[in-house]
Amino acid sequence: MATGFVGSTKNFPFSFDMDVEDDEAGRTTPHLNKRIGSESPTSAVGAETPRELPNELSAPYEVPQFPIEQIEKKLLIQRQLNVKAAECAQSVRSYAGSEAGGAGAVFDEAARLRLPDEDEPDVVLPHFQRVAISGEDTSGVPLEDLQQASSYLVQALEMRKRYMEMSHQSFSTITARFVRSMDADAAANHTPPVKYAKSHIADHIVHPPFKDKDPWECPMPEPKGYTIRLERGVFTLYKQGEAGEEPLNYPCITLAQYIQDKNTMCNMIADGPLKSFCYRRLSYLSSKFQLHVLLNELRELASQKAVPHRDFYNIRKVDTHIHAASCMNQKHLLRFIKKTLKNHADEVVTLHKGTPMTLKAVFQSMNLSTYDLTVDMLDVHADRNTFHRFDKFNAKYNPIGESRLREVFLKTDNYMNGKYFARIINEVASDLEESKYQNAELRLSIYGKSPSEWAKLAKWAIQYNVHSDNVRWLIQIPRLYDIFKSNKIMNNFKEFLSNIFQPLFEVTNDPNSNLELHKFLTHVIGFDSVDDESKPENPMLDADAKAPEEWDDEENPPYAYYLYYMYANMTVLNHFRKEQGLNTFVLRPHCGEAGPVQHLVCGFLLAENISHGLLLRKVPVLQYLYYLAQIYIAMSPLSNNSLFLNYHRNPLPEFLARGLCITLSTDDPLQFHFTKEPLMEEYSIAAQVWKLSSCDMCELARNSVLMSGFPHEMKQYWLGPNYMKEGVAGNDITRTNVPDIRISFRHETLLDELTNIFKAKFSPSTPVPTRRAGASPTPPPFNYKAPIVVLKRPSLV
């Protein structure tokens, strides 16, 4: 096995001349001759070596000492990079003809897996210095271990693909193509993805023209008249037929199948050889990224500088994990309370023992006036006392330690129907609109105590017009059944599920039954499951687990149980809503913040994306699978720093380097942030502590838009009209400010990893899938020697 640098080297204390000659088999073999004493980067393939600077020093470790010399040297390097960008097409053609490139075989495999109904690739690879591994064995492990590991990994990816497709959630298109190649009759059964007309960038303005549209305007499907019943924890729909009621058999994973798949995954993550294999691949990905940065950092910076107008401040960012009740900072809340107390002191805001109380009376009962209130007195900021104390953290939601003030100012369901909360949310939304480039997905709570919660929440949103083009809603469902049961609010877990999902099925069945809820749901993108994950529980589900109607004790069901029934009911609901032509929902739970690592197995199987994911650092198998499946993870380092993990130990920079789909989010600005722009504060601290480059920051921002649930049309305006395409073809640097070099590196690296795994799966000692009766012919075996895909589209870099 040999390692080679494809393209020209730069920024090293020495450079390599690469002489390529043919061996007996006709393959090209690179010979590297080290030449010491030149810091100047060599030019693109076929170009002359640049002249050394006058101040070049003899020793390779010495650098220019005077500022003017340093500036001149950097300017010269920038000029050379700009010249190379102009020669990109010729360089790529020469690169594509070389087997040492590594990407040729990878892109050939991608083309082989592309179905006939998909667009032909029309993208040119940007010119940059690639690190490729050549030789027969590129995995670094024995062939037997590689085949066994590949078999497990492919099985896990197939499971996730099945769960995602069944629930109408998204699955990585690149990974899906490889998984699809495993099925002998996949081409016959394949349903082409939804296609969007290919558009030129010039046809799309940057800002979406949605301002004049009524935000609550939505389609009104005809009532279906189905009968809705909750059977063993999952809703079933019945329509009236000639022979009576007939069930609509929407596909859904059964609890027994889920438990079996979960146990299979748990066995995988404990398998010794598989852990070793995944750890080695993750270490390789980290090292490869470090080499990429060393070789291409200046190129990436040069391509960003070449883009007019766009920089980190004016690219779109989405706060993908933020709770509505704490979306304002502490100073904002203090100002709002003072202003409300000054202007609306005589409004009745609550009942105390049946007696109405005005806002002024509430504060008088606490012996407080507007002059007395300070940020310190509010005491809503997390401190060192909240570390590993989720109970104390939850208490921080009560301003001045008073639950009454939380009810008055931070609840949608109170005596005033959430009027003050609507005002402060609209103020936060106004700040987001003023910043123009920041957006948020706010979490609103549905507790499951009563089926009327949905109607009250929708009425709150419509009555006070709580809406912004910069905001979308997720519904968070706290795992609090044990508290409701102990307080005798409900009898069993079935009532909990019924309170959450029954109103959604009813309004989908007949939108006229609750117009406000029907309109509100068009702005809801999914469900979140929240609570303290570190609570003691049995993380494994038994095959004889109780059904929800039988779960009538005060013990809280485990995390996996909650998540399955949320997933199962959401799956049936999505099928129903899709049939009605309405928007569908996704599952994006808090997962892997603390507690057992098995929570991440649930997230892998059931959730489109997750929040936190800290425990992935302890489970290399799952971390590698999250990478291969390209599951987005919303990480909140400042939140973790106050609750579970010190900032310097946070795995975010390591995850980002390895290529996991990471986004930065704030979680709770009220508790953790100080400024008016908490998301920018999060980015700022991360950049300073971890020395993130401008390219890293823009990559995180682009990931946040891709992860978000904003409409496809808005994402087209924010990222470019072809953002759904793979690799460089889906990147518009004039919108995202992410260089094509970085996108191409991520894409090629992922294709390389998938190719290695699926190649081992189809190795001679591994049986190839046979053709089933009536199925289409078996796909041919992998062809790694076919010519590279034709490359057409010019690139900025």
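The values are calculated or read from the model by the stated rules, or taken from the named source; none is laboratory data. This one's a predicted model, so the numbers in the text were calculated from it and none came from an experiment. Neighbour counts are summed over all protein chains in view; Cβ atoms, including those assigned to glycine, are modelled from backbone coordinates with ideal geometry.
Conditions (1) outside any helix (DSSP H, G or I); (2) in the same structural domain as Arg472 (by TED's automatic domain parsing); (3) of a type outside the set (Gly, Ala, Ser), marked per residue:
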{"position": "Gly225", "(1), (2), (3)": "yes, no, no"}
{"position": "Arg229", "(1), (2), (3)": "yes, no, yes"}
{"position": "Tyr238", "(1), (2), (3)": "yes, no, yes"}
{"position": "Tyr250", "(1), (2), (3)": "yes, no, yes"}
{"position": "Ser287", "(1), (2), (3)": "no, no, no"}
{"position": "Leu295", "(1), (2), (3)": "no, no, yes"}
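Every residue, every condition in (1) buried (at least 18 other Cβ atoms within 10 Å of the Cβ); (2) touching a helix residue (DSSP H, G or I) at 6+ places or on another chain (Cβ under 8 Å); (3) modelled with pLDDT of 80 or more, yes or no:
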{"position": "Asp376", "(1), (2), (3)": "no, no, yes"}
{"position": "Ala382", "(1), (2), (3)": "yes, yes, no"}
{"position": "Phe387", "(1), (2), (3)": "no, yes, no"}
{"position": "Phe393", "(1), (2), (3)": "yes, yes, no"}
{"position": "Tyr397", "(1), (2), (3)": "no, yes, no"}
{"position": "Glu402", "(1), (2), (3)": "no, no, no"}
{"position": "Leu405", "(1), (2), (3)": "yes, yes, yes"}
{"position": "Phe409", "(1), (2), (3)": "yes, yes, yes"}
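Checked against (1) surrounded by fewer than 23 Cβ atoms within 10 Å (Cβ to Cβ); (2) of a type in the set (Ser, Thr, Tyr); (3) under 30 Å from Glu753 (Cβ atoms), Thr663 passes all but condition (1).
Tell me, please, whether a residue that is under 22 Å from the mean Cα position of the chain (by Cα), closer than 29 Å to Cys266 by Cα and in a loop (DSSP other than H, G, I, E, B) can be found in the range 520-531. Yes, there is a match, as at least one residue in the range 520-531 is under 22 Å from the mean Cα position of the chain (by Cα), closer than 29 Å to Cys266 by Cα and in a loop (DSSP other than H, G, I, E, B).
When Glu713 is tested against (1) of a type in the set (D, E, K, R); (2) surrounded by fewer than 21 Cβ atoms within 10 Å (Cβ to Cβ); (3) within 26 Å of Ser326 (Cβ to Cβ), exactly one condition is not met: (3).
Take Ala629 and tell me if it is modelled with pLDDT of 95 or more, of a type outside the set (D, E, K, R), over 21 Å from Ala270 (Cβ atoms) and in the same structural domain as Val507 (by TED's automatic domain parsing).
Details: modelled with pLDDT of 95 or more: yes; of a type outside the set (D, E, K, R): yes; over 21 Å from Ala270 (Cβ atoms): no; in the same structural domain as Val507 (by TED's automatic domain parsing): yes.
Considered against the rule, which asks whether it is modelled with pLDDT of 95 or more, of a type outside the set (D, E, K, R), over 21 Å from Ala270 (Cβ atoms) and in the same structural domain as Val507 (by TED's automatic domain parsing), Ala629 comes out as no.
Sub-6 Å Cβ pairs linking a first residue in the range 154-172 that is closer than 11 Å to Ala629 by Cβ to a second residue that is charged (D, E, K, R), at least 6 apart or interchain, are Met159/Asp261; Ser170/Glu608; Phe171/Lys161, ordered by first then second residue. Within the option set Asn367, Asn385, Asn343, being under 30 Å from Leu638 (Cβ atoms) and of a type outside the set (A, V, I, L, M) holds for one residue only, Asn385.
Condition check for Asn583 on (1) surrounded by 22 or more Cβ atoms within 10 Å (Cβ to Cβ); (2) polar (S, T, N, Q); (3) outside any helix (DSSP H, G or I): one failure, at (1). Residue-level check: of (1) within 30 Å of Arg310 (Cβ to Cβ); (2) modelled with pLDDT of 95 or more, Glu433 misses just (2).
Within the range 651-680, being farther than 13 Å from Asp319 by Cα and at pLDDT below 95 holds for Leu670, Gln671, Phe672, His673, Phe674, Thr675, Lys676.
What about Ser283, is it hydroxyl-bearing (Ser, Thr, Tyr), modelled with pLDDT under 95 and not assigned by TED's automatic domain parsing to the domain that holds Ala547?
On the way: hydroxyl-bearing (Ser, Thr, Tyr): yes; modelled with pLDDT under 95: no; not assigned by TED's automatic domain parsing to the domain that holds Ala547: yes.
Here the answer is no, as Ser283 does not meet what is asked.
Among the residues of the range 417-436, the one identified as outside any helix (DSSP H, G or I) and buried (at least 18 other Cβ atoms within 10 Å of the Cβ) is Gly418.
Results for (1) more than 30 Å from Ile733 (Cβ to Cβ); (2) exposed (fewer than 15 other Cβ atoms within 10 Å of the Cβ), shown as yes or no for each residue.
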| site | (1), (2) |
| --- | --- |
| Lys305 | no, yes |
| Arg310 | no, no |
| His321 | no, no |
| Cys327 | yes, no |
| Leu334 | yes, no |
| Lys339 | yes, yes |
| Asp346 | yes, yes |
| Thr355 | yes, yes |
| Thr358 | yes, no |
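In this structure, Lys317 does satisfy being surrounded by 20 or more Cβ atoms within 10 Å (Cβ to Cβ), in contact (Cβ under 8 Å) with a residue 60 or more places away in the chain and assigned by TED's automatic domain parsing to the domain that holds Pro620.
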